[in-house]
Amino acid sequence: MRYQHFEKNTQGRDFVIGDLHGMYDLLMEALAAVSFDPSKDRCFSCGDLIDRGPDSEKCLGLIDEPWFFPVRGNHEQCMIDTTLRPSSHLIAQWVTCGGRWHMRVSHEQMVRYTEKAAVLPVLISVDMPSGQKIAICHAEYPLPSWDPEKAVNDVELLRAMQWSREKIESDNDSIVEGIDHIFCGHTIVDQVETLGNTHFIDTGGFESRNLTMIELTSLA
């Protein structure tokens, strides 16, 4: 699965979080602060559940929770690529990016984690009760207008949604037509940065201890 669409939540609230990077306890604190109700609320994630922080395995366990819906970030992709096609180069690259934790985990368990991560979507859309449509991807949405089928079926566009920093590095404030809001992580910002209708919300929680959580159902 590369793209997943969610109908509006008629029972509770929807939230989105920035990159988690192994900071499981930060997420639990953030959920408690908003009195999150897992029986009716939903939490969407911009991906990068793993690496850098102390609890990558706990964060991967969130994939099994019925209230938690992440996209596949570039760190999940590194895990998938390294586990399925291991090489000294890929392993060294992943360790440098914070993936040393995997060296303490059995190959069999890493395969199980990889199987879970490999079926995560790269792009998510969510209908809001207000009628708005929200999109979530890890790095950036690479097209000038909303066309999820095109985005996920082109190899270069798919890679851009996991790795690119072109929009934020070029300060591109153009509006993506056909979608109301897009939420991305990947690039660490001191505070939420909005360019057009794209919001970059990775506030580097593994260092800052500031995990950004936004209530989607409160957006105007």
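Calculated FRET efficiency, LYS8 to ARG112, Cβ-Cβ distance, R0 = 41 Å: about 0.80 to the nearest 0.05.
Under the convention that each Lys and Arg Cβ holds +1 and each Asp and Glu Cβ holds -1, the size of the dipole of the chain around its Cα centre is about 540 debye. Every helix of 4 or more DSSP H residues in the chain counts as -39500 (n - 2.57), and over all residues that averages to -8500 deg cm²/dmol at 222 nm.
Annotation note: chymotrypsin sites (Phe, Trp or Tyr not before Pro) in the stretch 68-107 located in DSSP loop regions with a Cβ neighbour count of at most 10 within 10 Å are absent. Projecting the Cα atoms of THR212, HIS21, MET110 onto the dipole axis of the stretch 3-218, where Lys and Arg carry +1 and Asp and Glu carry -1 at the beta carbon, places MET110 farthest toward the positive end. By other beta-carbon atoms within 10 Å, ranking HIS107, HIS186, HIS102, HIS5 with the fewest at the front produces HIS107, HIS5, HIS102, HIS186.
Net length available on complete extension from ARG159 to VAL95 is 21.0 nm, with 0.36 nm assigned per residue and the Cα-Cα distance removed. In straight-distance terms, cross-link reach from LYS8 covers every one of the aspartates and glutamates whose alpha-carbon lies under 19 Å from its own, apart from those fewer than eight places away in the same chain; here that gives ASP37, ASP41, GLU65, ASP127, ASP180, GLU215.
Look at where the Cα atoms of the stretch 76-107 and of the stretch 123-196 average out, and the two centres are 27 Å apart. Within the chain, which is the longest segment containing none of the trypsin sites (Lys or Arg not before Pro) that sit in a DSSP loop and have at most 15 other Cβ atoms within 10 Å? Free of exposed loop sites, the longest segment is 41-164.
Nearest 0.05, what FRET efficiency do SER35 and THR194 give at R0 = 25 Å with Cβ-Cβ as r? Using R0 = 25 Å, I get an efficiency of 0.40. Here's the list of lysines a cross-link from LYS58 could span, going by alpha-carbon distance under 27 Å and ignoring same-chain residues fewer than 8 apart: LYS40, LYS116.
Read-outs: derived from the displayed coordinates by stated rules, not from any lab. This is a predicted model, so every value here is computed, not measured. All Cβ positions, glycine included, derive from the backbone under ideal geometry; neighbour counts span all protein chains shown.
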